[in-house]
Amino acid sequence: MEEILKKLDSEKRDRIINSALDEFGHNSYEKASTNNIVKNAGISKGLLFHYFRNKQELYNYLENFVFQKMMDVILEEIDWNESDIFNRIKQIAIIKMEVISKYPGIETFGKVIYEKKSINEIKMMIEKMVPDIYHQIYTKNIDLNRFRDDIDFNKVIQIIQWTFEKYVEEQMELIKKSGVKLDFSKIIFGMDLYIDVMRKAFYKGGEL
């Protein structure tokens, strides 16, 4: 199926994916309508079922797509030479926003997945796709000597993750409600304000 989809025109493929993400994201699996999906994607029902045998197969594809797409883009665009953990995680947050701006339905569909699966189940899915990905992101080439000796690095990572994930979620929700265009410079400025606070709190001597 994946190989067949790759042969499809990228613009049409993205329309199908976005339409399906949106439909499943705003409805339960049972209520999600393939008629709405094909209508909003501007394709025939026959074409949809040429690529996906049934609704369940389409849903399963989307569930995998959300995480695989994020991981592929992160691995492709992340700067592994960046030794500052705050800059590393800011990079990832920006990459995620870029993916969401291309596939807006990821945000709502992602919430559906999180309602059905535990965090551990999701982490296992991602680790299966990209083994050791979490360890690489948060430790590979990261300069741990910058951190104060009296703090727990793992807890700091959690605080940074929670902060940026919530911040990005709020910004994307604001953009969705207001209808304004995604302004990366404004969002990055907001991230930097949080980073300054956390560097002062967690780095030796409060270095910037």
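FYI, it's all coordinate maths here, none of it is from the lab. Not measured: the values here are computed from a predicted model. Cβ placement follows ideal geometry from the backbone for every residue including glycine, while neighbour counts extend to all protein chains displayed.
Before moving on, here are some points about what is shown:
- Length gained on full extension, R53 to E127, computed as 0.36 nm times the residue gap minus the Cα-Cα distance: 23.9 nm.
- 11 Å beta-carbon shell around A93, net charge (K/R +1, D/E -1): +1
- Long-range amide H partners of F147 with built H, under 5 Å: K204
- Helix 184-202 axis, angle to the chain major axis (alpha carbon atoms, nearest 10°): 40
- Stretching E115 away from S178 to a fully extended chain increases their span by 20.1 nm, per 0.36 nm per residue minus the current alpha-carbon distance.
- Applying a DSSP loop filter and a limit of 10 other Cβ atoms within 10 Å to the GluC sites (Glu not before Pro) in segment 1-110 leaves E30.
- Under 20 Å of direct C-alpha separation, and excluding same-chain neighbours fewer than eight residues apart, K123 reaches these aspartates and glutamates: E63, D72, E76, E107, E115, D132, E165, E169.
- Inter-probe distance in nm under a simple model that places probes 7 Å from Cα toward Cβ, at S185 and D149: 4.4
- Using the Stokes-Einstein relation with a Kirkwood hydrodynamic radius computed over Cα pairs, the translational diffusion coefficient of segment 63-206 at 20 °C and a viscosity of 1.002 mPa s comes to 132 µm²/s.
- GNM remark for the chain: springs join alpha carbons under 10 Å apart, and the peak mean-square fluctuation among N36, N64, N145 falls on N145.
- Among D14, D149, D192, the largest mean-square fluctuation in a Gaussian network model of the chain (Cα springs under 10 Å) belongs to D149.
- For segment 70-124 versus segment 17-68, the spacing of their alpha-carbon centroids is 22 Å.
- Between K200 and S44, the FRET efficiency from the beta-carbon distance, with R0 = 41 Å, is close to 0.10.
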